[in-house]
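K.L.:
Please find one structure pasted underneath; my questions will follow.
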Amino acid sequence: MFRKVLIANRGEIAVRIIRACRELGIKPVAIYSEADVESLHVRVADEAVCVGPAPSSQSYLNIDAIIAAAKAVNADAIHPGYGFLAENAGFARAVTAAGLTFIGPSADAMETMGSKTSARRAAVESGVPIVPGTVDALTSFAEALATAEEFGYPVMLKAAAGGGGKGMRLVTSSGDLRSAFETAQTEAAAAFGDSSLYLEKAVERPRHIEIQIFADTHGNVVHLGERECSIQRRHQKVIEECPSPINDPDLRRRMGEAAVKIGKTVDYTGAGTVEFLLADATREFYFLEMNTRLQVEHPVTELVTGFDLVREQFLVASGEPLSFTQDGVRWTGHAIECRVYAEDPANNFFPSPGTITHLREPAGPGIRVDSGVANGSEVSIYYDPMIAKLAVWGRTRDEAIDRLRRALDEYQVTGITTTLPFFREVVGDEEFVAGRLDTGFIARFNERHAAPVEPPQEHVDLAAIAAAIHYARTQQPAFVQPGANGRWKMAARAAGLRRWRKS
Amino acid sequence: MKLKAVIGDREQDLNVQIDGESVRAEIDGRIYELELREPEPGCYLFFRDAEVHECRVNKVQDGFDVSLHERSYPVAIIDPKRLRSDQDADRHHHGLAEITAPMPGKVVRVHIETGAAVEKGAGVIVVEAMKMQNEMKSPRAGVVISINVKPGDTVNAGDVLAVVE
């Protein structure tokens, strides 16, 4: 096992990895930018090295500075966490070239999975379905019609040059295809100056479901089941759970085996996640992409399987076999995670940097908080605004939701605006409680919850009274508690008493 | 202590009497008899009969931010004894509208020129913070009388980016 590991990351994930280091007797070394010198991940490390100024391009993405830091403290491995350099094959190669161990898969596997086309090829090679679609642009309406018949409706027309929904049309039957084809062409030409279209089979009400896999250097490749990550905004996950509310053992086995096949095809080692789109009605699934690192949402898998994924990453990277086999993986109960962001949910999730003036994190049965902040922490403008992850476990999904509601109510953060109020509404939402999740959830949720819930008059009044008292305490010293014993009065009395005794 | 409290866009009369740990407050005719404790600075614990209400008060730019029961309330306190013509009053009377930065960030684009006419709600300046670009909109229709920033400038929360008349 390693003696000393440098963690090339910040925030909650750096703190999480430091915890695993401590349990394994590894000395953790943090890196930090000039903006992060007082941050939590630095305070809980044994050693910490500044790698550059605040912008991540000059610090947390500065490969030379990070490797120099690892050499300077005499570390024997680097853990990249997630984000930043975690999926940078060049970084993995540079770490190895410097004589250090990179805690993650091989640079080759990272490269294969890093490109959309080679990743899709690897999936096809493994016999795993990808969303059927044309590779080249359609040349005519006749070709579009023939392809649509081949895939079966519904299909999606997409602008070859496009993005952002422009030149995109969902077509449910052959009768609608011609007009959709023509409008999509016009839109694509107007938006991108290129009218060429391609066609994909449409996945209706798609769920975003991913499979955690783990592979060691002894030929073991196992899966740890699925995570449901359908609740997303701006293509970013905000709530994840394990198992999926539509979990059935057969589907989990089929998706798990598909993910393991892909892992074997690319000779994968360490922790990885294979993402799929799942059609809600038909339960058909399609490979989307693979993340060659630890995921943000790994705690839900840990809570349900009981394994410590970061600990296993260290085991695998130091050449030891995984501590479990596929037969030893059992899923118990239900876990849900909320990503707490410094963003204003009432204002289109606008970032809300600032200083945390008060923080009280929830605790108690079934609660896990992976936090990157403390009282007084500064949430700066330079980095991702996620400040913590709240994960809960219950025997059933209903019990997990009860605990989540309770934990969200306990959670207090002041000084910055967070997504906590949004989550408090989500846990009471009928579709969420029923487990009817797909990637369109937040759009529908926003429509259902458009009207703000008015607080009780009593609370509004008490807020005004508290503000008035605070005003009196801080603005008008003379007003404070008339008749009370002030410090000056007490001191004067004590002094008077001393004089009296002496005489 | 007679004050006015502004919550949301409602201005209310507020009379608060503090006697040791007892508080008697009247707000728009509603009366509250409370017991008060202060477990830490800025934290006010009210007991109303057996009900417990924990309030946390933070001073913010133009008032206070009060958190209680999983919500936060922006409250402005107006003290008639200390009333003086502040900038706010000036701004409204002279028909000036300032476009301010809601948070620290970097100016990436400026869509307006001094002297140009703008519509209400038109995007005028784009500020980037936390990997997101945010478009500042003109709060009113009018003419741009000053622009205080250029692309590449770093701004702090509350900085006046431009003024529209």
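Laboratory data are not the source of any read-out in this text; all were calculated from the coordinates shown. What you see is a predicted model, and the numbers here were worked out from it, not measured in a lab. Positions of Cβ are generated from backbone atoms using ideal geometry, with glycine treated the same way; all protein chains shown enter the neighbour counts.
K.L.:
So, in nm, how far is label B:ASN15 from label A:LYS71 when the simple model puts each one 7 Å beyond its Cα toward the Cβ?
P.N.:
Modelled inter-label distance: 7.6 nm.
K.L.:
Per residue of A:349-359, how many C-beta atoms from partner chains lie within 10 Å of its own C-beta, taken as a mean?
P.N.:
Numbers: counts 1, 6, 9, 4, 6, 5, 1, 0, 7, 6, 0.
For this peptide, the per-residue mean of nearby foreign Cβ atoms is 4.
K.L.:
What angle do you read, to the nearest 10 degrees and between 0 and 90, between the alpha-carbon axis of helix A:11-24 and the longest principal axis of chain A?
P.N.:
90
K.L.:
What is the total of Lys pairs in chain A with C-alpha atoms under 19 Å apart, excluding same-chain pairs fewer than 8 positions apart?
P.N.:
Number of lysine pairs found: 11.
K.L.:
Placing +1 at every Lys and Arg Cβ and -1 at every Asp and Glu Cβ, with all other atoms neutral, what dipole size does segment A:183-312 have around its Cα centre, in debye to the nearest 20? Kindly include the intermediate steps, with their values, before the conclusion.
P.N.:
Values: 15 positive and 22 negative charges, 5 e Å.
Computed about the Cα centre, the dipole is about 20 debye.
K.L.:
Please compute the average number of Cβ atoms from other chains found within 10 Å of each residue's Cβ in peptide B:72-79.
P.N.:
Details: counts 5, 8, 2, 9, 3, 7, 1, 5.
Mean shielding count: 5.
K.L.:
Still on this model: Calculate the spin-label point distance for A:ALA146 paired with A:VAL453, positioning each point 7 Å from the Cα along the beta-carbon direction, and give it in nanometres.
P.N.:
Label-label distance for A:VAL453 and A:ALA146, simple model: 5.7 nm.
K.L.:
Taking all pairs of distinct Cα atoms, average 1/r, flip it, and tell me the Kirkwood hydrodynamic radius of segment A:141-201 in Å to one decimal place.
P.N.:
It is 11.1 Å.
K.L.:
Let me have the 222 nm mean residue ellipticity of chain B computed from DSSP H runs of 4+ only, each contributing -39500 (n - 2.57), with the sum over all residues rounded to the nearest 500.
P.N.:
Theoretical 222 nm ellipticity from helices: -1000 deg cm²/dmol.
K.L.:
How large is the translational diffusion coefficient of segment B:87-164 in µm² per second when you combine the Kirkwood radius over alpha carbon pairs with Stokes-Einstein at 10 °C and 1.306 mPa s?
P.N.:
For these conditions, the coefficient is 127 µm²/s.
K.L.:
To continue, here is another question. For segment A:54-124 and segment B:114-165, what is the separation of their C-alpha centers, rounded to whole Å?
P.N.:
40
K.L.:
On to the next question. Excluding A:GLN236 itself, what net charge comes from residues whose Cβ is under 10 Å from its Cβ, given Lys and Arg +1 and Asp and Glu -1?
P.N.:
Numbers: positive: A:ARG233, A:ARG234, A:LYS237, A:ARG339; negative: A:ASP384.
Within the 10 Å Cβ shell, the charges total +3.
K.L.:
Moving to a separate point now. What longest range of chain A stays clear of loop-exposed GluC sites (Glu not before Pro) (DSSP non-H/G/I/E/B, at most 16 other C-beta within 10 angstrom)? Intermediate results must be reported in sequence, preceding the final value.
P.N.:
Working: sites that count: A:GLU38, A:GLU204, A:GLU284.
Excluding the exposed sites themselves, the longest stretch runs over A:285-503.
K.L.:
Just name one of A:ILE17, A:GLY83, A:TYR60: the one whose Cα is farthest towards the positive end of the charge dipole of segment A:4-103 (beta-carbon charges, Lys/Arg +1, Asp/Glu -1).
P.N.:
Of the options given, the answer is A:ILE17.
K.L.:
Right, something else. Inside 10 Å of the C-beta atoms of B:12-24, what's the mean count of C-beta atoms belonging to other chains?
P.N.:
Numbers: counts 3, 0, 5, 1, 9, 0, 8, 3, 4, 2, 0, 4, 0.
Partner-chain Cβ atoms within 10 Å, mean over residues of B:12-24: 3.
K.L.:
Hey, with R₀ at 30 Å, roughly what FRET efficiency would A:THR139 and A:THR172 work out to, going by the Cβ-Cβ distance, to 0.05?
P.N.:
Once rounded, the FRET efficiency stands at 0.80.
K.L.:
Now for a separate question. How many nm separate the modelled label positions at A:ASP280 and A:THR117, each set 7 Å beyond the Cα in the direction of the Cβ?
P.N.:
For A:ASP280 paired with A:THR117, the spin-label model returns 3.5 nm.
K.L.:
Looking at the protein assembly as shown, what % of its DSSP beta bridges pair antiparallel, to the nearest 5?
P.N.:
Numbers: 122 of 137 bridges.
Of the beta bridges lying entirely in the protein assembly as shown, close to 90 percent run antiparallel.
K.L.:
Then there is this: Nearest 500 deg cm²/dmol is fine: what mean residue ellipticity at 222 nm does chain A get from its DSSP H runs of n ≥ 4 alone, each adding -39,500 (n - 2.57), divided by its residue count?
P.N.:
Details: 17 runs with 189 residues, N = 503.
Here the helix-only value at 222 nm equals -11500 deg cm²/dmol.
K.L.:
What shape does segment B:2-82 take by its C-alpha gyration tensor, where a ≥ b ≥ c are the square roots of the eigenvalues and a/c under 1.5 counts as rounded, a/b above b/c as prolate, and the rest as oblate?
P.N.:
Numbers: a/c = 1.58, a/b = 1.18, b/c = 1.34.
Oblate, because a/c is 1.5 or more while a/b does not exceed b/c.
K.L.:
Which residue, B:VAL110, A:HIS358, A:GLY428, has the largest displacement toward the positive end of the dipole of the protein assembly as shown when charges sit on each Cβ (Lys, Arg +1; Asp, Glu -1)?
P.N.:
Looking along the dipole axis, the top candidate is A:HIS358.
K.L.:
Can you pull out the trypsin sites (Lys or Arg not before Pro) in segment A:225-283 whose DSSP state is coil and whose Cβ has at most 15 other Cβ atoms within 10 Å?
P.N.:
A:ARG234, A:ARG283
K.L.:
Which trypsin sites (Lys or Arg not before Pro) in segment A:1-89 sit in a loop by DSSP (not H, G, I, E or B) and have at most 11 other Cβ atoms within 10 Å of their own Cβ? The partial results should precede the final answer.
P.N.:
Values: sites: A:ARG3, A:LYS4, A:ARG10, A:ARG16, A:ARG19, A:ARG22, A:ARG43, A:LYS71; in loops: A:ARG3, A:ARG10.
Here the sparse-neighbourhood loop sites are A:ARG3.
K.L.:
Multiply the residue gap between A:SER179 and A:THR474 by 0.36 nm, knock off their C-alpha separation, and tell me the result in nm, one decimal place. Intermediate values should be presented prior to the final figure.
P.N.:
On the way: separation 295, 0.36 × 295 = 106.20 nm, distance 6.79 nm.
Going from the current span to full extension adds 99.4 nm.
K.L.:
Using only alpha carbon pairs under 8 Å that are at least six residues apart, calculate the relative contact order of segment A:141-201 and give it in whole percent. Before the final figure, lay out the partial values.
P.N.:
Details: 108 pairs, mean separation 24.7, N = 61.
Relative contact order here is 41 percent.
K.L.:
Please state the shape class of the protein assembly as shown: rounded when a/c is under 1.5, otherwise prolate if a/b exceeds b/c and oblate if not, all from the C-alpha gyration tensor.
P.N.:
Note, shape of the protein assembly as shown comes out prolate.
K.L.:
Specify which residue in the list A:PHE287, B:HIS69, B:TYR44 is farthest towards the positive end of the charge dipole of the protein assembly as shown, using unit charges on the beta carbon of Lys, Arg (+1) and Asp, Glu (-1), about the Cα centre.
P.N.:
B:TYR44
K.L.:
Exposure proxy check: B:CYS43, A:CYS338, A:CYS242 ranked by fewest other beta carbons within 10 Å? Please report the intermediate quantities before stating the final value.
P.N.:
Details: B:CYS43 17, A:CYS338 26, A:CYS242 30.
By the 10 Å Cβ count, ascending: B:CYS43, A:CYS338, A:CYS242.
K.L.:
Where Lys and Arg each count +1 and Asp and Glu each count -1, what net charge lies around A:ASP280 among other residues with Cβ under 15 Å from its Cβ?
P.N.:
Values: positive: A:LYS201, A:ARG205, A:ARG207, A:ARG283, A:ARG436, A:ARG444; negative: A:GLU204, A:GLU226, A:GLU228, A:ASP248, A:GLU284, A:GLU431, A:ASP438.
For residues surrounding A:ASP280, the net value is -1.
K.L.:
On to the next question. Apply the Karplus parameterisation 6.51 cos²θ - 1.76 cosθ + 1.60, with θ equal to phi minus 60°, to every residue of segment A:280-287 and state each ³J(HN,Hα) to the nearest whole Hz, in sequence, with x for glycine and proline.
P.N.:
After applying 6.51 cos²θ - 1.76 cosθ + 1.60, I find 4, 7, 8, 6, 7, 10, 10, 5 Hz.
K.L.:
So if R0 is 35 Å, what FRET efficiency would A:ASN446 and A:SER323 give, r being the distance between their Cβ atoms, rounded to the nearest 0.05?
P.N.:
Numbers: r = 43 Å, r/R0 = 1.24.
The formula returns an efficiency of 0.20 here.
K.L.:
Could I ask something else about it? Taking only C-alpha pairs under 8 Å that are 6+ residues apart, what is the relative contact order of chain A in percent?
P.N.:
Working: 978 pairs, mean separation 65.2, N = 503.
The value is 13 percent.
K.L.:
Next question, about the same structure. Quick query: amide H of B:ILE125 versus all other amide H atoms, modeled in the peptide plane; which residues come in under 5 Å with a sequence gap of 5 or more or a different chain?
P.N.:
B:HIS111, B:MET136
K.L.:
Report the extension gain between B:LYS120 and B:GLU98 in nm, rounded to one decimal, defined as 0.36 nm multiplied by the number of residues separating them, less their alpha carbon distance. Please report the intermediate quantities before stating the final value.
P.N.:
Numbers: separation 22, 0.36 × 22 = 7.92 nm, distance 1.27 nm.
Gain on stretching B:LYS120 to B:GLU98: 6.7 nm.
K.L.:
Quick one: longest stretch of chain B between exposed loop trypsin sites (Lys or Arg not before Pro), exposed meaning at most 12 other C-beta atoms within 10 Å and loop per DSSP?
P.N.:
On the way: sites that count: B:ARG84, B:LYS120, B:LYS131.
Looking at chain B, B:1-83 is the longest stretch - no exposed trypsin sites (Lys or Arg not before Pro) with at most 12 other Cβ atoms within 10 Å.
K.L.:
Sticking with this one: Please state the shape class of chain B: rounded when a/c is under 1.5, otherwise prolate if a/b exceeds b/c and oblate if not, all from the C-alpha gyration tensor.
P.N.:
Values: a/c = 3.31, a/b = 2.06, b/c = 1.60.
It is prolate, given that a/c is not under 1.5 and a/b is the larger ratio.
K.L.:
Let me ask something additional. In debye, nearest 20: dipole of the protein assembly as shown around its Cα centre with unit charges on the Cβ of K, R (+) and D, E (-)? Intermediate results must be reported in sequence, preceding the final value.
P.N.:
Working: 75 positive and 93 negative charges, 457 e Å.
Rounded to the nearest 20 debye, it is 2200 debye.
K.L.:
Here's another thing I want to ask about it. To the nearest 20 Debye, how big is the dipole of chain B about its Cα centre, given +1 on the beta carbon of each Lys and Arg and -1 on that of each Asp and Glu?
P.N.:
Numbers: 21 positive and 29 negative charges, 111 e Å.
Magnitude of the dipole: close to 540 debye.
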